[in-house]
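Okay, so here's the structure we're looking at.
The values are calculated or read from the model by the stated rules, or taken from the named source; none is laboratory data. No experiment lies behind these values; they were computed from the predicted model shown. So basically every Cβ, Gly included, is an ideal-geometry build from the backbone, and we count neighbours across all protein chains shown. Areas reflect the complete protein model, heavy atoms only, side chains present, ligands, DNA and RNA absent. Shrake-Rupley method; radii C 1.70, N 1.55, O 1.52, S 1.80 Å.
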Amino acid sequence: MTDRHADVLAMLSWNKAAPGSVLMRLLKYDDRAIRRTIAQRGNLSTELVEAILTDPDPALRMEFALSENADPAQRARLLDDPFPRVALALAVGPTPYRRPVEPLPDWAYERLLSHPQERVRRETATSHLVPAHLLAGLVHHPDGTLRQASCRAWDRLPEATRRALLQDDDPDVRRVAALRVCHQDEALTTWLVEHLQDSWKLSDVLRAGRLSHELAECMADGPRAAALAANPFLSPGLVRRLALSPDPRVRLVVSARPELAESERAAIDYIVEPDARLDPLEWVWEARDDADVLRRCATSAHPWLRRSAAVCPTLPADLVELLAQDEDFAVRLLLCEFHPEPPPELLLDLYLNGSHRAVKMLITRPSFPSAGLAARFADSTDPERRSLALRDPALSPDLLVRFTHQPDLRRAAARHPRLPVPRIRELLKDPGTAGAAAGNPSLPSGDMHRLLDDAGVPA
């Protein structure tokens, strides 16, 4: 098989319009990457699902277990798979980036949590997909790791059960339980500080725990003072002291505390670098349904407050418009990444002019503009701008055909669903565009089968 055939078959496996008969032939073809692609597709026919579930290669079944597009009930059928690592893959589950995944049925998680393999039980217990009501049933499990997982269902647990977890024989369970209530209890916070000195969790405790005045004063001179500076229970005097810290990280955290007035923030010597990576302020996120808090943050002179407001999907329309004009690039970028309806022209502006690598992902946002792009960019000398014309719903077939003759756009144009079929067939004969043309959803199924025949793929 030639490289051209390999490219054609790979793109056929990605083709959204490939019928089940084509996918079935590709699934039987001995190419691991192609088979993996098919196993990861969504909306597979019953016949294809059955073929994957009964395929002799456990690697293919594992791919299906990890698929974010597969029907959870179909994935759950792999619980009885004879190959041990398939159940482990099912326990790990899919982990897409910023996309929700439908969990497995409850009965499947119940079986995974009682699986004979310890690793499968533990991977399941740590999965964020397991419903809280199932985690709550692990409070008496003999495995401490699973009892730790039950603490994630803290709000569902009876008071007596919570006390039992706080007094558990396993110190790791006690620590996880104490982390759930340290914001209410000075004694537990003190205990956690003593037992987490070498753990990254210590910063979480210092940020949120109810600290005694003496302990807070002591930690203010330590290496975790920046975490302490965010603690909501600090005395005003200690806040003023930390605001004068020689450590710029500490001063920055103090400057973003919720109780400060704008004049008090301005009086602190803090710096927010344009490229500084700052997590959204927790107190802003927790108040994301409070329009007054969002307004105060969006109109603040402090970039960190404005950045935190920008990630809140509940931001009112007038504040979206305000932050779309913000002088801070990160504010505008976060607004585009996280708000459900960012201004289309802002998406386009950042995509074209932003230097951060994340701007190239903005083209995938639903509100990225499409109408009128052909008129604006079809004759641009910049190939990236010119390629935007391919998104225009009014793009003419003649212009699309023209693009297939331009070296920097020909492959993208070859995949365009409105490209006339005769031109798609011409591009299939060109080794440079054959693969791209094979991925065109307008390619008739008969042509797809002929491509498989040419590559020697059995019917």
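Projected label points at residue 276 and residue 160, each 7 Å from Cα along the beta carbon direction, are separated by 5.1 nanometres. Under a model in which nothing but the beta-carbon of Lys, Arg (+1) and Asp, Glu (-1) is charged, the chain shows a dipole of about 1000 debye around its Cα centre. In the context of the full protein assembly, residue 271 retains an accessible surface of approximately 110 Å², using a probe radius of 1.4 Å and ignoring ligands and nucleic acids.
What FRET efficiency, computed as 1/(1 + (r/R0)^6) with R0 = 41 Å and r the Cβ-Cβ distance, is obtained for residue 28 and residue 357, rounded to the nearest 0.05? Walk me through the intermediate numbers first.
Values: r = 39 Å, r/R0 = 0.95.
My answer for the efficiency is 0.60.
Counting heavy atoms of the protein chains alone, residue 218 has an accessible area of about 90 Å² for a 1.4 Å probe.
Whenever you get a sec, compute what percent of the accessible area on the stretch 2-157 sits on carbon and sulfur atoms (1.4 Å probe).
Details: 3950 of 7800 Å².
Of all accessible area on the stretch 2-157, carbon and sulfur atoms account for 51 percent.
Of the GluC sites (Glu not before Pro) found in the stretch 312-367, the ones in coil according to DSSP and having at most 11 other Cβ atoms within 10 Å of their Cβ are 327. Gain on full extension, evaluated as 0.36 nm per residue between residue 128 and residue 186 minus their Cα-Cα distance, stands at 18.0 nm.
To the nearest ten degrees, helix 329-338 and the longest principal axis of the Cα atoms of the chain are 70 degrees apart.
Report summary: the helix-based calculation at 222 nm, which adds -39500 (n - 2.57) for every DSSP H run with n ≥ 4 and divides by the residues of the chain, gives -14000 deg cm²/dmol. Normalised by 2.2 N^0.38 Å, with N the number of residues, the alpha-carbon radius of gyration of the chain equals 1.24. Relative contact order for the chain: 12 percent, from Cα pairs under 8 Å spaced at least 6 residues apart, divided by residue count. Counting only heavy atoms of the protein chains and using a 1.4 Å probe, residue 304 has close to 30 Å² of accessible surface.
With θ taken as phi - 60° and the Karplus curve 6.51 cos²θ - 1.76 cosθ + 1.60 applied, the whole-hertz 3J(HN,Hα) list for the stretch 384-391 is 5, 5, 5, 5, 5, 4, 5, 7 Hz, x standing for glycine and proline.
Sites count as exposed loop sites when they are trypsin sites (Lys or Arg not before Pro), lie in a DSSP loop, and have at most 15 other Cβ atoms within 10 angstrom; the longest stretch of the chain without one is 99-276. 3J(HN,Hα) along the stretch 251-268, derived from phi through the Karplus expression 6.51 cos²θ - 1.76 cosθ + 1.60 where θ = phi - 60°, amounts to 4, 4, 5, 4, 4, 9, 5, x, 7, 6, 7, 4, 5, 5, 5, 5, 6, 8 Hz, with x in place of Gly and Pro.
If you count only protein heavy atoms with a 1.4 Å probe, what accessible area per residue comes out for the chain, rounded to a whole Å²?
Values: 23330 Å² over 459 residues.
Per-residue accessible area for the chain comes out at 51 Å².
Think of the chain as a dipole: +1 on every Lys or Arg Cβ, -1 on every Asp or Glu Cβ, centred on the Cα centre; then among 297, 351, 200, 351 lies furthest on the positive end.
If you roll a 1.4 Å probe over the stretch 290-371 with all protein chains in place, what percent of the accessible area is carbon or sulfur? Before the final figure, lay out each step's value.
Working: 2080 of 3710 Å².
About 56 percent, which is the carbon plus sulfur part of the accessible surface.
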